[in-house]
Each structure stands twice: as C-alpha cells, then as structure tokens.
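Comments concern the structure below.
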Amino acid sequence: MGQNSCLSASLLLIVLILAADCIKVEAQTCRPSGSIRGTKPPPGQCNTDNDSDCCVVGKLYATYKCSPTVSQSTKAVLTINSFQKGGDGGGPSECDNQYHSDDTPVVALSTGWFNNESRCLKNIKISGNGRSVVAKVVDECDSTMGCDSDHDYQPPCPNNIVDASKAVWEALGVPRSSSDWGEMDIVWSDA
C-alpha cells in the first residue's frame, strides 16, 4: 500500500508539472519585434475608406514578426478592408497580384498568421456574431512595416488581425449601422 501511495503521489506530481508547463506555454505572448515612427502622409495619399487610420507624425507604432498561436478557435480582431482597385487595401493582393471585389469573401492576415505566404489562397473559417463564413486568404496585413507609400501611409497591422472584405461582414450578419461594423472580436481556424 505504501508503494501505491508513493506511485500515486509521483504521478500526481508529474501531471502537475506538465500542467504548469502547458499553462506557461499558453501564457507566452507574441512580443513586439520593433517599432516604426509615424510620418506625415503626403496630401491625399492615405485612403481613409472604411475608417482606416493614417500614420500620425512622431507616434511610435509597434511591429511584430509573430502572431498568437493558431488553434481550432484562434481569437482575433476582424477589421474591414477593400481589396478592390482604389480601395483602402492599397495595391493588388500579395498572393495572386490581383484585386478582389468587395462582394467576394477574402481576407488579409497579420504577418505571423500569413506565415510567409503559407496560407495564400487557402480558406479559413471565421466565426462571429453567432454565424460563420469561409473566406480565402489573398493578402498579408503587414505587421512589420507601415507609414509608407507601399502601405498606403497606414500604421503597421497589429499581430491579431483578420482584415476582411465587406462580403465577410455581410455573411456574418453584422449590420453596417452596428457599432461592431469595422472592428469586432472573432475566432478563426484553417478550413
């Protein structure tokens, strides 16, 4: 009986140690990799459609090479972007060098999730507002650079963004009059 108690205590200790390690790993966050100081956009060069922000002179913006770990329900912030020519997304999409209609469910992912184009043209499932939609990854929401002409004089993207076309927002049933339209907490996973 003494051996069983010792064995049980040892197993319990091992389980506790493993659980503590798992909690530690889960608690690790993606830390900023640097920063960019905002510069003043030339007149008319920062497209503010969809309430996009323009860089503020002198403001420091954090940059990231990483994003939170992807799981079956990765927490993210859904933002809105136009992937059409002349839209606030800037140039053509990185994955296929094409523009995409606002009526097509497409997204850009933060740099870490975009993962050197490994998710290009793959589908992800986005859940929010009690609904789900499948969208194609066509672009990167650059978390490493910003405040320049290549990025439409907008700040670097935070590391937890799914930047979506209007079609995604509409499929999730978010009314344009809602305070959530344009920025909403969601979960996503690879489809």
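The values are calculated or read from the model by the stated rules, or taken from the named source; none is laboratory data. Keep in mind it's a predicted model, so treat the numbers as computed, not measured. For neighbour counting, all protein chains shown are included, and Cβ atoms are generated from backbone atoms with ideal geometry for every residue, glycine included. In case anyone asks, the SASA skips ligands and DNA or RNA and just uses the protein heavy atoms, side chains included. Shrake-Rupley method; radii C 1.70, N 1.55, O 1.52, S 1.80 Å.
List of remarks:
- Beta bridges per DSSP, both residues in the chain: antiparallel share near 70 percent.
- Long pairs among K75/K166; K40/K65; K65/K122; K65/K85; K40/K125; K40/K122, criterion Cα-Cα beyond 31 Å: K40/K125; K40/K122
- Cα-derived Rg to Rh of the range 70-157, Kirkwood definition: 0.94
- Spacing of the two label points (7 Å from each Cα toward its C-beta) at D49 and E94, in nm: 2.1 nm
- Nearest 10 degrees, 0 to 90: helix 2-27 Cα axis against the chain principal axis: 10 degrees
- When each of the peptides 64-73, 104-113, 79-88 is scored by the mean number of other C-beta atoms lying within 10 Å of its residues, the order from highest to lowest reads 104-113, 79-88, 64-73.
- Here the accessible area of the range 59-152 is 44 percent carbon and sulfur, with a 1.4 angstrom probe and all protein chains present.
- Relative to its residue count, the chain spans a Cα convex hull of 149 Å³ per residue.
- Ranked by how many other beta carbons lie within 10 Å on average, peptides 115-126, 164-175 from highest: 164-175, 115-126
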